[in-house]
Amino acid sequence: MDCFEPGFAKKQERTPLAVRMISLFAVLFFLLGACAPTTQRVVIDPVLAAKEAEKQREIALTESRKNNRRLFVISYPILVGGLSFCGDRVTPLVGASVSSIYHFPEEFHSAAKTVFGDSEQLQIAWVAPGTPADKAGLREHDLLLRINNKPVPKGKGAPKGFAKLYGEAAKGKQSFTLDVRRGEEEIRLTLMPEMGCDYPVLLASDDSLNAFADGERIVIMRGMVRFAESDTELGTVIAHELAHNAMEHISAKQGNAMLGLLADILASVGGVNTQGTFSRLAGRMHSQAFEAEADYVGLYIMALSGLEIKGAAYFWRRMAAAHPQAIREGGFLASHPSTPERFLALEKTVEEIEQKQAAGKPLRPEMKK
């Protein structure tokens, strides 16, 4: 009896608390129920919901196709025009992009067949005007059969397999043959690549007004593509990011940050915890200057690409309208110049480039003396 009673007493102590908790939850659910909608919910047929979901996936892919095509068509001449800035980071380009249902998640495969065509075969997604692919007669929706008489693979591994075949065929900027099916007809085309910067331009499914370069690629957010009203505006963004890569700003920032990290380590040896302050500050060193240089060099790249540069500066007035805080930014700790500074600098750069064009001078940025 003595060893039973303590346990029984503990049960008795917990019971009131359990009752109170149950009562509290009951009151909570009652209150939540009191805040519920007062009209009946429309009953949805699951079959119709599934059909609508499929339709919305088709709409999403169609929108994605439109944005990707626009980005590709505008970025291609920039990659070619910026060749002289890219050193040994160059690659043979033809101005066409391929697609497959396997580029998309499995739930989108059915919608992809509707939007891009019901085929396991790789096909041409889009062709930029005036490019080697366009001049050779390659067209959107052409199915790829053979490259230099080697069969183009099908199925999940097709994109990687084709990339390997293309790399071998176009190596050294040599011409190659491409057999395609267009409707019921098989056509053999001969393509002669041209060299361009080896920095792929990618579209990210992000609605922010942003873009970045990481030394290996250029990523443009979907929100930026939608925001840019003209080819000049979107080209200004792409060329700016290409300039970051070409001028090796990313590696320079990383080098600065490493020096700051060394200072943090030395401080910690002396018993001072800087919490990474020196590495953060060093990483920001010359950040505004790098951004200004990317604006400047990027506009030269645009001019060399044959894109319209007049009015490029107005992009920053529109950005200021979307982000008014950027109007007064640009202080010592800011990573970017203010939008007024960027607008005025681009206006002066356009004037500088137009004067060189009128005088027949080479389009080369002015270097520090």
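Structure data summary
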{"item": "Packing-based ranking, highest mean first, of 342-350, 109-117, 47-55 given that Cβ atoms within 10 Å are counted", "result": "342-350, 109-117, 47-55"}
{"item": "Difference of contour (0.36 nm per residue) and Cα-Cα distance, His323 to Arg181", "result": "46.3 nm"}
{"item": "Ranked packing of 127-138, 296-307, 172-183, most packed first, by mean Cβ within 10 Å", "result": "296-307, 127-138, 172-183"}
{"item": "Nearest-0.05 FRET efficiency for Lys361 and Ala163, computed from C-beta distance (R0 35 Å)", "result": "0.30"}
{"item": "Pairwise label distance in nanometres, Glu54 with Gln174, each label 7 Å out on the Cα-Cβ vector", "result": "4.8 nm"}
{"item": "Restraint check, Lys51/Lys160; Lys66/Lys348; Lys135/Lys368; Lys135/Lys348; Lys113/Lys164; Lys171/Lys310, Cα-Cα greater than 30 Å", "result": "Lys51/Lys160; Lys66/Lys348; Lys135/Lys368; Lys135/Lys348; Lys171/Lys310"}
{"item": "Within the range 38-54: backbone nitrogen closer than 18 Å to the Ser110 label point (7 Å, Cα to C-beta)", "result": "45-54"}
{"item": "Prolate/oblate/rounded label for the range 92-185 (Cα gyration tensor, a/c 1.5)", "result": "prolate"}
{"item": "Nitroxide proxy distance, nm - points 7 Å out along Cα→Cβ at Glu140 and Glu194", "result": "2.1 nm"}
{"item": "Förster radius 30 Å - calculated FRET efficiency between Lys154 and Ser230 (Cβ-Cβ, nearest 0.05)", "result": "0.15"}
{"item": "Rg [Å, one decimal], Dmax [Å, integer] - the range 187-242, C-alpha atoms", "result": "13.9, 43"}
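Values in this text are rule-based calculations from the coordinates and carry no lab data. Since the structure is predicted, the reported quantities are computational estimates derived from the model, not experimental observations. All Cβ positions, glycine included, derive from the backbone under ideal geometry; neighbour counts span all protein chains shown.
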